[in-house]
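See structure below.
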Amino acid sequence: MRLEVKDAACGYGLKTVIQGISFDISSGDILCLLGPNGVGKTTFFKTLLGFLKLKSGEIRLNDRDIKTFSQKERARSIGYVPQAHTPPFPFTVLQVVLMGRTAHLGSFASPSRKDVNLADETLEMLGISFLRDRIYTEISGGERQMVLIARALTQQPEVLVMDEPTSNLDFGNQIRVLNRIRQLAASGLGVVMTSHFPDHAFLCASKVALMQRSNVFKYGTVDEVVTEENLRSAYGVDVRITSTNDGENGILKACIPVMTA
């Protein structure tokens with residue numbers, strides 16, 4: 001798998017929100033997309049998912065222009081994990097996960113036994129099969145996030161797009177979800193995820209894109225992009241990047257904000 005974004009410009013109607021977006025990921029990569037609120041991360045995701053038309057530039061998946069994909073083809077190729085949400089009806093976890101098979105079903109078709117088996121296998125792989133028959137609205141935030149990941153995986157995509165996958169989760173559940181994302185990438189998926197926490201890039205990303213206001217876009221390795229200077233420029237706060245040698249785990253880095261009186 002190879003996803004290439006070349007000098008992309010995205011926006012609504014006549015308004016361009018972001019431009020000059022260029023990066024590429026392959027199977028096994030995790031791209032962490034950082035940037036302040038309102039800079040255009042959601043606009044880019046909507047364009048990648050086909051909800052908005054690309055204003056200029058190019059997005060290619062496996063050397064094919066994504067504009068030539070039908071909606072079903074795009075859904076089969078790109079899985080989407082939104083921020084945790086509450087559906088209007090009390091679906092079971094299995095029913096929510098089976099919604100990921102929609103792109104593979106014909107009009108008015110119901111999920112087959114094969115689809116149910118795939119959903120069960122996905123729940124088992126993620127370690128949440130015990131939730132199978134629970135009501136989605138009655139489980140915890142961390143469990144809901146894992147269910148949304150399971151739903152996306154039943155699409156059998158090549159690329160997984162995740163919008164703040166640790167949003168509203170406690171510290172422990174954040175780390176569990178990030179660990180699972182690393183495991184999914186190791187299995188061959190390409191992952192594009194947004195985060196409001198630069199530390200998440202240190203924990204799981206292989207590449208980082210930092211979006212700033214005035215269409216400043218930086219892309220590269222974690223060490224190249226997540227620097228004190230870049231974070232100060234993007235977020236308008238003073239930070240320090242610290243590191244420690246943890247023996248068998250190597251060098252661990254963290255981003256610490258500097259609080260001023």
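The values are calculated or read from the model by the stated rules, or taken from the named source; none is laboratory data. None of the values given here were measured: they were computed from a predicted structure. Don't worry about glycine lacking a Cβ; one is built from the backbone with ideal geometry, like all the others, and counts go over all protein chains shown.
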Residues satisfying the stated conditions in the range 224-233, i.e. among the polar types (S, T, N, Q) and either in contact with a Pro (Cβ under 9 Å, 6 or more places away or on another chain) or in a helix (DSSP H, G or I) (or both): Asn230, Ser233
Among (1) hydroxyl-bearing (Ser, Thr, Tyr); (2) in contact with a Cys (Cβ under 9 Å, 6 or more places away or on another chain); (3) more than 25 Å from Thr166 (Cα to Cα), the one test that Thr47 misses: (3)
Within the range 53-87, considering residues that are part of a helix (DSSP H, G or I) and in contact with a Gly (Cβ under 8 Å, 6 or more places away or on another chain), the one surrounded by the fewest Cβ atoms within 10 Å (Cβ to Cβ): Gln71
Number of positions in the range 180-202 that are within 18 Å of Glu224 (Cα to Cα) and of a type in the set (Gly, Ala, Ser): 2
Subset of the range 220-239 that is touching a helix residue (DSSP H, G or I) at 6+ places or on another chain (Cβ under 7 Å) and either of a type in the set (A, V, I, L, M) or modelled with pLDDT of 95 or more (or both) - its residue that is farthest from Ala9 (Cα to Cα): Val239
Residue in the range 188-198 that is farther than 23 Å from Leu98 by Cα, at pLDDT below 95 and surrounded by fewer than 18 Cβ atoms within 10 Å (Cβ to Cβ) present: yes
1 or more residues closer than 18 Å to Val239 by Cβ: qualifying strands (runs of 3 or more DSSP E) within the range 148-223: 207-212, 216-220
Counted residues, the range 163-175 - those being over 20 Å from Lys207 (Cα atoms) and surrounded by fewer than 19 Cβ atoms within 10 Å (Cβ to Cβ): 6
